[in-house]
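One structure below.
The values are calculated or read from the model by the stated rules, or taken from the named source; none is laboratory data. Just so we're clear, the structure is a prediction, and the values are computed from it rather than from any experiment. Reconstructed Cβ throughout: ideal geometry from the backbone, glycine too, with neighbour counts over all protein chains shown.
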């Protein structure tokens with residue numbers, strides 16, 4: 001029963017106008033049209049969305065979890081990137 | 001619908017440096033994600049549990065699908081159809097979660113079709129009357145919800161996220177089942193008898209869904225250590241009995257257990273001995289409907305083969321016909 005593998009697609013759904021598409025899961029489908037239909041059936045049975053993107057899973061490049069520190073740790077010391085780092089006199093209220 | 005506690009992983013502690021880091025993350029309630037390092041035994045246990053859970057959803061469509069064309073009203077038919085569609089969707093979310101651990105959909109389906117993979121024993125019982133659809137929603141989905149809610153906090157991220165979605169969608173399943181039972185229980189004598197008969201037949205198999213008693217359950221330790229599982233089989237079973245018995249009494253139905261009684265001291269319902277021989281027999285393939293269920297899945301897979309082939313062939317042809325500009 002050596003079947004040809006059906007390609008995997010990642011599914012992104014925009015829940016409401018004004019929101020970004022968000023990853024919700026994946027489906028298998030032979031092509032993009034079928035992937036959209038499958039995503040609609042599997043992920044929007046209760047009015048979850050207004051728009052669907054499907055992207056071939058193979059098209060995604062992900063960062064390596066072992067690089068996590070190298071990639072993200074440096075921001076921890078850069079507290080001057082946050083507004084609370086700066087002093088504003090009490091007399092100047094809204095800024 | 002549901003995963004049964006059937007897995008039997010080897011024990012669980014990995015002493016390597018990576019293993020210790022992994023356990024520290026588990027202890028800190030961090031979620032493990034697909035690309036993170038994990039012990040092989042953890043990965044194997046998850047693949048087995050998640051795929052069994054997925055298979056259970058897919059096979060679980062069969063006993064209920066049996067009644068879609070014979071539902072007594074359009075309202076009932078629409079609800080049952082939606083429920084069975086949900087089970088299909090739940091199977092797909094779960095297969096996708098299992099695939100993140102490095103196993104392909106095709107392998108998983110083959111394991112089910114060749115009978116190598118297990119699925120919840122409950123689906124090997126027949127649905128003989130319409131009341132069985134009520135009993136399944138009320139009892140089987142009720143039992144499933146008890147075990148699934150803690151799985152929303154499972155240590156493996158993709159499984160936990162799939163379970164959150166499933167639990168959200170599943171809450172209507174139990175209610176529609178109870179409503180069916182309530183209407184029958186308050187109906188004509190024949191309807192009452194149907195409801196009672198369904199409860200009599202589904203009660204014990206529902207209690208078996210929680211898996212073997214803790215004393216005989218080889219796998220609990222490892223799964224609890226890994227925070228895949230949060231509560232033992234017996235504690236979830238007790239919780240289910242405590243929640244369900246008053247609901248049955250509210251319908252003036254009786255439970256097929258002469259030993260069932262409320263213990264004022266503990267505040268729990270005590271129940272009689274479960275027939276674990278029956279459980280093992282059904283799980284080993286000798287339940288009332290095992291062969292029929294497997295045959296139905298095999299037939300569906302074979303009948304759909306030409307569709308899968310045609311879709312792939314069409315996709316390949318289109319790809320070759322219009323070579324795209326490099327993106």
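Can you find even one residue in the range B:280-288 that is surrounded by fewer than 16 Cβ atoms within 10 Å (Cβ to Cβ), within 14 Å of another protein chain (Cβ to nearest Cβ) and not in a loop (DSSP other than H, G, I, E, B)?
no
Considering each residue of the range A:47-80, count those that are on the phi > 0 side of the Ramachandran plot and at the interface with chain B (Cβ under 10 Å from one of its Cβ atoms), and give that number.
The number of residues fulfilling the criteria is 0.
Return the total of residues in the range B:139-172 being closer than 30 Å to residue B:253 by Cα and within 13 Å of chain A (Cβ to nearest Cβ).
We begin by selecting, within the range B:139-172, every residue closer than 30 Å to residue B:253 by Cα; these are B:139-150, B:166-172.
If we keep only those that are within 13 Å of chain A (Cβ to nearest Cβ) as well, we get B:166, B:168-172.
The qualifying residues number 6.
Give the number of residues within the range B:27-61 that are more than 24 Å from residue B:124 (Cα to Cα) and more than 13 Å from chain A (Cβ to nearest Cβ). I'd like the intermediate steps shown before the answer.
So the first thing to find is which residues in the range B:27-61 are more than 24 Å from residue B:124 (Cα to Cα), and the list is B:27-44.
Next, only the ones that are more than 13 Å from chain A (Cβ to nearest Cβ) stay: B:27-29, B:39-44.
So the answer is 9.
Among the candidates A:18, A:25, single out the residue that is at pLDDT below 95, on the phi > 0 side of the Ramachandran plot and touching a strand residue (DSSP E or B) at 6+ places or on another chain (Cβ under 8 Å). If you could, list the steps in order and put the result at the bottom.
On the way: A:18 fails: touching a strand residue (DSSP E or B) at 6+ places or on another chain (Cβ under 8 Å).
Matching residue, one of A:18, A:25: A:25.
How many residues, within the range A:1-46, are buried (at least 16 other Cβ atoms within 10 Å of the Cβ), facing chain B (nearest Cβ under 7 Å), more than 17 Å from the chain's Cα centre (by Cα) and farther than 15 Å from residue B:312 by Cβ?
Here the count works out to 1.
Which residues, counting only those in the range A:56-69, are modelled with pLDDT of 90 or more and not in a loop (DSSP other than H, G, I, E, B)?
A:56, A:57, A:58, A:59
Let me confirm something: among B:79, B:96, which residue is in contact (Cβ under 8 Å) with a residue 40 or more places away in the chain, within 10 Å of chain A (Cβ to nearest Cβ), under 22 Å from the mean Cα position of the chain (by Cα) and in a helix (DSSP H, G or I)?
Numbers: B:79 fails: within 10 Å of chain A (Cβ to nearest Cβ).
After applying the criteria, what remains is B:96.
So is residue B:108 in contact (Cβ under 8 Å) with a residue 12 or more places away in the chain, crowded, with 19+ Cβ neighbours inside 10 Å and either under 20 Å from residue B:296 (Cβ atoms) or more than 14 Å from chain A (Cβ to nearest Cβ) (or both) or not? It would help to see each step written out before you state the result.
On the way: in contact (Cβ under 8 Å) with a residue 12 or more places away in the chain: yes; crowded, with 19+ Cβ neighbours inside 10 Å: yes; either under 20 Å from residue B:296 (Cβ atoms) or more than 14 Å from chain A (Cβ to nearest Cβ) (or both): yes.
Judged against the criteria, residue B:108 is a match.
Report the residue count in the range B:208-228 for those that are farther than 25 Å from residue B:29 by Cα, at pLDDT 90 or above and assigned to a helix (DSSP H, G or I). Please lay out each step first, then the result.
Filtering the range B:208-228 for residues farther than 25 Å from residue B:29 by Cα gives B:208-209, B:211-213, B:215-216.
Then keep just the ones that are at pLDDT 90 or above; that gives B:208-209, B:211-213.
Adding the requirement that they be assigned to a helix (DSSP H, G or I) leaves B:208.
Of the residues in that region, 1 qualify.
Just checking, does the range B:256-267 include any residue being surrounded by 12 or more Cβ atoms within 10 Å (Cβ to Cβ), out of contact with any strand residue (DSSP E or B) (no Cβ under 8 Å at 6 or more places or on another chain) and under 26 Å from residue B:185 (Cβ atoms)? Give the derivation first.
Here is the first cut: in the range B:256-267, the residues surrounded by 12 or more Cβ atoms within 10 Å (Cβ to Cβ) are B:256-257, B:260-262.
Of the ones still in play, those that are also out of contact with any strand residue (DSSP E or B) (no Cβ under 8 Å at 6 or more places or on another chain) are B:256-257.
From what is left, the residues that are under 26 Å from residue B:185 (Cβ atoms) are B:256-257.
Yes, the range B:256-267 contains a residue that is surrounded by 12 or more Cβ atoms within 10 Å (Cβ to Cβ), out of contact with any strand residue (DSSP E or B) (no Cβ under 8 Å at 6 or more places or on another chain) and under 26 Å from residue B:185 (Cβ atoms).
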